[in-house]
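The values are calculated or read from the model by the stated rules, or taken from the named source; none is laboratory data. Source: prediction; values computed, not measured. In this analysis, Cβ positions are derived from the backbone assuming ideal geometry, glycine residues included, and neighbour counts consider all displayed protein chains.
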């Protein structure tokens, strides 16, 4: 009990809730869909990413493991033709920021960042785009995985 209390105070997730991710991802609307999410490239270390309305309301940044991206994209970004994936090294991010693994409404465990996301935390980014005729994000994610960009 004391261990869980200390872990929750200092941002450590219980071992059962941390699914062994090497990378976590933040999905950001592409600036062509919503100019509010425009950011400079290369991303300066000091750049602070804009919070979505949902992130601001919930008090944390919603993130996903690679295996969770398809579900998140197909649920919340199904009508967007293009998004940006921000890739973060989980070990590095959680070493400096509070990342908690918490259940969503469906009970699936997702990483949540309880801090601002800055450029120094982002290892890489990818413009992910659906090709004409694609109605889900599955094929676009498979292309990113085959290219070696999308990693667990």
Look at residue 54 and say whether it is within 17 Å of residue 30 (Cα to Cα), outside any loop (DSSP other than H, G, I, E, B) and touching a helix residue (DSSP H, G or I) at 6+ places or on another chain (Cβ under 8 Å). no
Which ones in the stretch 135-152 are under 22 Å from residue 80 (Cβ atoms) and in contact with a helix residue (DSSP H, G or I) (Cβ under 7 Å, 6 or more places away or on another chain)? 136, 137, 138, 141, 150
Kindly establish whether residue 102 is more than 23 Å from residue 39 (Cα to Cα) and either more than 13 Å from the chain's Cα centre (by Cα) or at pLDDT 95 or above (or both). yes
Would you mind stating whether residue 46 is farther than 21 Å from residue 135 by Cα and surrounded by 18 or more Cβ atoms within 10 Å (Cβ to Cβ)? no
From 59, 71, 148, residue being more than 14 Å from the chain's Cα centre (by Cα) and without any contact (Cβ under 8 Å) to a residue 40 or more places away in the chain: 148
Filter the stretch 13-38 for residues that are at pLDDT below 50 and assigned to a loop (DSSP other than H, G, I, E, B); the one that is nearest to residue 81 (Cα to Cα) is 13
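Residue-wise test of (1) part of a strand (DSSP E or B); (2) surrounded by 12 or more Cβ atoms within 10 Å (Cβ to Cβ).
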residue	(1), (2)
40	no, no
72	no, yes
83	yes, yes
92	no, yes
111	yes, yes
